[in-house]
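Student: Have a look at the structure that comes next, please.
The values are calculated or read from the model by the stated rules, or taken from the named source; none is laboratory data. Predicted model, so just to flag it, every value in this text is computed and none were measured. Heads up, the Cβs are rebuilt from the backbone with ideal geometry, glycines too, and the neighbour counts pull from every protein chain shown. Ligands, DNA and RNA are excluded from the accessible area calculation, which covers all protein heavy atoms including side chains. Shrake-Rupley method; radii C 1.70, N 1.55, O 1.52, S 1.80 Å.
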Amino acid sequence: MYNSFTRIQNVFGFFTTVACFFGAFIAATDLFAARTPSGVIKADSLQVVKGRPHYYSSKKEEYAIIRFSLDADLSSLFHWNTKEVFVYVTAEWPGPRNTTNSAVIWDSIITNPSADHLQNIGPVAMKKLKRSAEGKTVDPSRGILKLKNQKPKYQITHPSGKIASTEDVTLKLNYNVQPWVGLLTWNMNQKVGLWNTIEGGESEKVQLPALKVKDAKSTKDTKKSKGKKKTA
């Protein structure tokens, strides 16, 4: 005859089995939701500076600052099993031996209305978010990005400390979908079922400008003229 502990084990085992099958079913529903992301991105301004790109940098090096414009529609990535979407823009350029250099210059997290409460916000804003999310599965405006002359969050550097005049630099739009239940998925390299690759989402190739070097003669002339003004 089974004792109480054995019966508890059996009930718990049955419960976990049902929960696993139910979770797998929920995760599988992602495959039946069409993904048709699209975006247009372009570089607005390019600048290369020599200095310390971060406050913790130990030495001066060349780093690039790229402003960009982005018009993207990622709303198809949101459905009832989407918790949040991590969006990021990378700058990529070819390296030696068929390698590719890649650096993130900007990122953002877009939450589903049902996950807004997970953000680190105050109680007043929390109540407003809860009221705005009532009765909504997905806000139509979620995933619509319109950025003009956006300042990058991160500068581009290179281990060599040299990045000026780099050729064939391309900006790319990327995303990562985090579901409530299931596996993390990234932007697709090829179409899989109802999941399509990003339409567009890649800028034209550009070249980073050369590092500006101050003319020593003009600097001296400027100092002399300032000295004459002070003497007068």
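Student: Just one of G135, G143 is of a type outside the set (S, T, N, Q), out of contact with any His (no Cβ under 9 Å at 6 or more places or on another chain), modelled with pLDDT under 90 and open to solvent by less than 40 Å² (accessible area, probe 1.4 Å); which is it?
Tutor: On inspection, the qualifying residue turns out to be G143.
Student: Taking the condition aliphatic (A, V, I, L, M), modelled with pLDDT of 90 or more and either open to solvent by less than 30 Å² (accessible area, probe 1.4 Å) or closer than 30 Å to K162 by Cα (or both), does A72 pass? I'd like the intermediate steps shown before the answer.
Tutor: Numbers: aliphatic (A, V, I, L, M): yes; modelled with pLDDT of 90 or more: yes; either open to solvent by less than 30 Å² (accessible area, probe 1.4 Å) or closer than 30 Å to K162 by Cα (or both): yes.
Taking the combined requirement at face value, the residue satisfies it.
Student: Count, please, the residues in segment 88-106 that happen to be farther than 15 Å from T157 by Cα and not polar (S, T, N, Q). Let's see the steps before the verdict.
Tutor: Residues of segment 88-106 that are farther than 15 Å from T157 by Cα, as a first pass: 88-89, 96-99.
Those still in the list that are not polar (S, T, N, Q) too: 88-89, 96-97.
Number of matching residues: 4.
Student: Just name the residue that is modelled with the lowest pLDDT out of those in segment 1-27 that are within 40 Å of the chain's Cα centre (by Cα) and open to solvent by 100 Å² or more (accessible area, probe 1.4 Å).
Tutor: F22
Student: K83 fails exactly one of the following numbered conditions: (1) more than 18 Å from the chain's Cα centre (by Cα); (2) open to solvent by 20 Å² or more (accessible area, probe 1.4 Å); (3) at pLDDT below 90. What is the number of that condition?
Tutor: Evaluating K83 over (1) more than 18 Å from the chain's Cα centre (by Cα); (2) open to solvent by 20 Å² or more (accessible area, probe 1.4 Å); (3) at pLDDT below 90 leaves (1) as the failure.
Student: Hey, can you tell me all the residues within segment 24-68 that are under 17 Å from Q150 (Cα atoms) and of a type in the set (A, V, I, L, M, F, W, C)? So that I can check it myself, show each step before the final result.
Tutor: Quick first cut of segment 24-68, residues under 17 Å from Q150 (Cα atoms) only: 39-48, 64-68.
Within segment 24-68, V40, I41, A43, L46, V48, A64, I65, I66, F68 qualify.
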